[in-house]
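**Student:** To start, I am sharing the structure in question, which I have written as structure tokens.
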Amino acid sequence: MFYMRKVILVVIMLSSLVVSTTAQQVKWKFSSVKQTNGKYLLSVTGKISPEWHLYSMASPANGPTPMKIKFNNHPLIKIEGGIKEKGDMIRQYEEVFDMTVLYFEDSVEYTQLVRWTGSQLVKTNITGTIEYMLCTNSMCLPPTKEKFSIALQ
């Protein structure tokens, strides 16, 4: 019984270390800019620490976990079009995945256009999750999933 408690404690400590390490390697900023005709441009911007990279949404299958952004349904907000990925994308062969992968260093921005469908604009938030994987040239962290909330005003 005592041994099992030690094992559980070690697993919890290592899990919190991985979460802490991931949070230190990329800083996320979530924002919105009001456009015309009840539209908003949502922005998810990642500032990536030196020596680390984050895999593109366009990464090939069977490779590293690509960036994923999921917006939760909102009764008064309609998603328009797809998510756009902006940054200096690097295309490079990585032996560990035995394929050419796509990733970003330094920073990356994802934008999504949404439209307010209600009859009157009110302050609200759109929520969702991001999932991503970070690596250096010598190691990778497990995929990380984070919740977000973006204010529309």
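**Student:** Could you tell me whether residue 82 is more than 16 Å from residue 31 (Cα to Cα), outside any loop (DSSP other than H, G, I, E, B) and small (Gly, Ala, Ser)? Please lay out each step first, then the result.
**Tutor:** On the way: more than 16 Å from residue 31 (Cα to Cα): yes; outside any loop (DSSP other than H, G, I, E, B): yes; small (Gly, Ala, Ser): yes.
Taking the combined requirement at face value, the residue satisfies it.
**Student:** Can you spot a residue in the stretch 141-150 that is touching a residue at least 40 places away in the same chain (Cβ under 8 Å), out of contact with any Pro (no Cβ under 9 Å at 6 or more places or on another chain) and over 21 Å from residue 27 (Cα atoms)?
**Tutor:** Within the stretch 141-150, none of the residues are touching a residue at least 40 places away in the same chain (Cβ under 8 Å), out of contact with any Pro (no Cβ under 9 Å at 6 or more places or on another chain) and over 21 Å from residue 27 (Cα atoms).
**Student:** From the list 9, 41, which residue is at pLDDT 95 or above, more than 19 Å from residue 138 (Cα to Cα) and not in a loop (DSSP other than H, G, I, E, B)? First the steps, then the outcome.
**Tutor:** Values: 9 fails: at pLDDT 95 or above.
Step by step, each of 9, 41 is checked, and only 41 is at pLDDT 95 or above, more than 19 Å from residue 138 (Cα to Cα) and not in a loop (DSSP other than H, G, I, E, B).
**Student:** Here's something else I'd like to know. Spot the failing condition for residue 152; the list is (1) under 17 Å from the mean Cα position of the chain (by Cα); (2) modelled with pLDDT under 95; (3) not acidic (Asp, Glu), and only one is missed.
**Tutor:** Checking residue 152 against (1) under 17 Å from the mean Cα position of the chain (by Cα); (2) modelled with pLDDT under 95; (3) not acidic (Asp, Glu), the one that fails is (1).
**Student:** Any residue in the stretch 96-121 that's touching a residue at least 60 places away in the same chain (Cβ under 8 Å) and under 13 Å from residue 84 (Cβ atoms): show its pairings with residues that are surrounded by fewer than 20 Cβ atoms within 10 Å (Cβ to Cβ) and of a type in the set (Gly, Ala, Ser) at Cβ separation under 7 Å, as long as the two are six or more apart or on different chains.
**Tutor:** Going by the 7 Å Cβ cut-off, the qualifying pairs are 108/87; 109/43; 109/87; 111/43; 113/81.
**Student:** Considering every residue within the stretch 48-62, establish whether at least one is within 30 Å of residue 119 (Cβ to Cβ), in a loop (DSSP other than H, G, I, E, B) and modelled with pLDDT of 90 or more.
**Tutor:** No - not one qualifying residue is present in the stretch 48-62.
**Student:** Okay, next question. Given 113, 121, which one is assigned to a strand (DSSP E or B) and surrounded by 11 or more Cβ atoms within 10 Å (Cβ to Cβ)?
**Tutor:** 113
**Student:** Okay, next question. Looking at the stretch 72-85, is at least one residue over 19 Å from residue 128 (Cα atoms) and modelled with pLDDT of 95 or more?
**Tutor:** no
**Student:** Would you mention how many residues in the stretch 133-153 are loosely packed, with under 11 Cβ neighbours inside 10 Å and either in a loop (DSSP other than H, G, I, E, B) or of a type in the set (Asp, Glu) (or both)?
**Tutor:** So the count comes out to 4.
**Student:** What number of residues in the stretch 58-75 are closer than 10 Å to residue 102 by Cβ and surrounded by fewer than 17 Cβ atoms within 10 Å (Cβ to Cβ)?
**Tutor:** Counting residues in the stretch 58-75 that are closer than 10 Å to residue 102 by Cβ and surrounded by fewer than 17 Cβ atoms within 10 Å (Cβ to Cβ) gives 2.
**Student:** Could you list all residues from the stretch 103-125 that are over 15 Å from the mean Cα position of the chain (by Cα) and not small (Gly, Ala, Ser)?
**Tutor:** The answer is 113, 114, 115, 116, 117, 120, 121, 122, 123, 124, 125.
**Student:** Within the stretch 33-57, count every residue that is among the β-branched types (Val, Ile, Thr) and exposed (fewer than 15 other Cβ atoms within 10 Å of the Cβ).
**Tutor:** Here the count works out to 2.
**Student:** Right, something else. Given (1) in a loop (DSSP other than H, G, I, E, B); (2) of a type in the set (A, V, I, L, M, F, W, C); (3) under 13 Å from residue 130 (Cα atoms), where does residue 69 come up short, assuming only one miss?
**Tutor:** Exception for residue 69: condition (1).
**Student:** Quick one: in the stretch 85-101, which of the residues that are farther than 14 Å from residue 62 by Cβ and part of a strand (DSSP E or B) is farthest from the chain's Cα centre (by Cα)?
**Tutor:** Residues of the stretch 85-101 that are farther than 14 Å from residue 62 by Cβ, as a first pass: 85-93, 95.
Subsequent filtering for residues that are part of a strand (DSSP E or B) retains 85-86, 89-93.
Numbers: 85: 11, 86: 13, 89: 15, 90: 17, 91: 19, 92: 21, 93: 23 Å.
Within the stretch 85-101, the match that is farthest from the chain's Cα centre (by Cα) is 93.
The values are calculated or read from the model by the stated rules, or taken from the named source; none is laboratory data. Every value quoted in this text rests on a predicted model; they were computed, and no experiment measured them. Using ideal geometry, Cβ is built from the backbone for each residue, glycine included, and neighbour counts are taken over all protein chains shown.
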